[in-house]
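Remarks on the structure that follows.
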Amino acid sequence: MKGIVFTEFLEMVEQEFGLEVLDQIINESDLSSGGVYTAVGTYDFIEMQRLIVKLSEKTGLSANDLLYAYGKTFFAVLEKNHANIFSLYDGPLEMLASIENHIHVEVRKLYPGAELPTFRVIQQDDNFLEMMYYSDRSMYMFAKALMVQTFDHFLENSRIELEKVQDDGTQVRFRIYKEPHAVN
Ligand code: HEM
């Protein structure tokens, strides 16, 4: 996993839960890196897993809720650092359908060693996208947050259903609906 995912995560922990919790989770997670990450480095995913489990213990929030919250924060980092990629797309469904064949292809060039999920488009029309998510890291709630924020970026509303195809979350079916704007 790339260092930027760790540095931004630790930043979120400090912002949301404070320096004390940040120090505690770093010290108690038995990290080979010692909790020192550079944005361009590559680190073992197990370190992220341990940090999330510890943070979950400290805060009483579930690992999935923490991953969802983190996805929302991380999206802002992507928007800021990769505005050129966003500008290639006219709408959220078009962008989400292109993660596998375009976006993450570019990401592999920009972030050597990145560990990315696989997305497979099953069905697509103007207002609907069905996609399968595959990843050993089971970060499907992180994925959901990035999807919700993609709609937000284009000022569109979404409804997103997910269905675990494997209980451990390594295969998840997403049904993504573009919803009309509320009329008031
Ligand atoms: C400009 C847009 C994007 C960029 C630059 C980008 C880049 C990245 C990077 C750098 C990582 C971390 C890789 C690692 O730590 O080794 C990542 C992971 C991930 N990305 Fe993207 N991404 C983008 C858009 C999206 C979108 C829209 C989704 C929507 C679902 C998405 C889904 C994911 C997921 C779920 C992961 C976590 C890894 C996993 O599940 O195995 N990405 N992405």
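The values are calculated or read from the model by the stated rules, or taken from the named source; none is laboratory data. Predicted model, so just to flag it, every value in this text is computed and none were measured. Glycine also receives a Cβ, built like all others from the backbone with ideal geometry; neighbour counts cover every protein chain displayed. For accessibility, only protein heavy atoms count, side chains too; no ligands or nucleic acids. Shrake-Rupley method; radii C 1.70, N 1.55, O 1.52, S 1.80 Å.
If I filter the range 62-71 for residues that are free of Cβ contacts under 8 Å to residues at least 60 places away in the same chain, within 8 Å of the ligand (Cβ to nearest atom) and not assigned by TED's automatic domain parsing to the domain that holds M12, do I get at least one hit? Show your work before the answer.
Applying the first criterion (free of Cβ contacts under 8 Å to residues at least 60 places away in the same chain) to the range 62-71 yields 62-63, 66.
Right, trim to within 8 Å of the ligand (Cβ to nearest atom) and you get none.
No, the range 62-71 contains no residue that is free of Cβ contacts under 8 Å to residues at least 60 places away in the same chain, within 8 Å of the ligand (Cβ to nearest atom) and not assigned by TED's automatic domain parsing to the domain that holds M12.
Mind listing whichever residues of the range 36-48 are assigned to a helix (DSSP H, G or I) and either surrounded by fewer than 16 Cβ atoms within 10 Å (Cβ to Cβ) or touching an Asp or Glu at 6+ places or on another chain (Cβ under 6 Å) (or both)?
Let us first name the residues in the range 36-48 that are assigned to a helix (DSSP H, G or I), namely 45-48.
Of everything in the range 36-48, those that are assigned to a helix (DSSP H, G or I) and either surrounded by fewer than 16 Cβ atoms within 10 Å (Cβ to Cβ) or touching an Asp or Glu at 6+ places or on another chain (Cβ under 6 Å) (or both) turn out to be F45, I46.
Identify all residues within the range 17-35 that are crowded, with 16+ Cβ neighbours inside 10 Å and either in a helix (DSSP H, G or I) or small (G, A, S) (or both); write none if there are none.
Taking the range 17-35 as the starting set, the residues that turn out to be crowded, with 16+ Cβ neighbours inside 10 Å are 17, 21-22, 24-26, 29, 31, 35.
Listed by number, the residues that qualify are F17, V21, L22, Q24, I25, I26, S29, G35.
Since F151 meets every condition but one in (1) within 9 Å of the ligand (Cβ to nearest atom); (2) within 30 Å of E16 (Cα to Cα); (3) open to solvent by less than 50 Å² (accessible area, probe 1.4 Å), which condition does it not meet?
(1)
Tell me which residues, restricted to the range 82-94, are part of a helix (DSSP H, G or I) and within 7 Å of the ligand (Cβ to nearest atom).
Narrowing the range 82-94 to residues part of a helix (DSSP H, G or I): 83-86, 92-94.
The answer is I85, F86.
Could you check the range 98-119 and list, in sequence order, the residues that are within 10 Å of the ligand (Cβ to nearest atom), without any contact (Cβ under 8 Å) to a residue 60 or more places away in the chain and among the hydrophobic types (A, V, I, L, M, F, W, C)?
I99, I103, V107, L110, L116, F119
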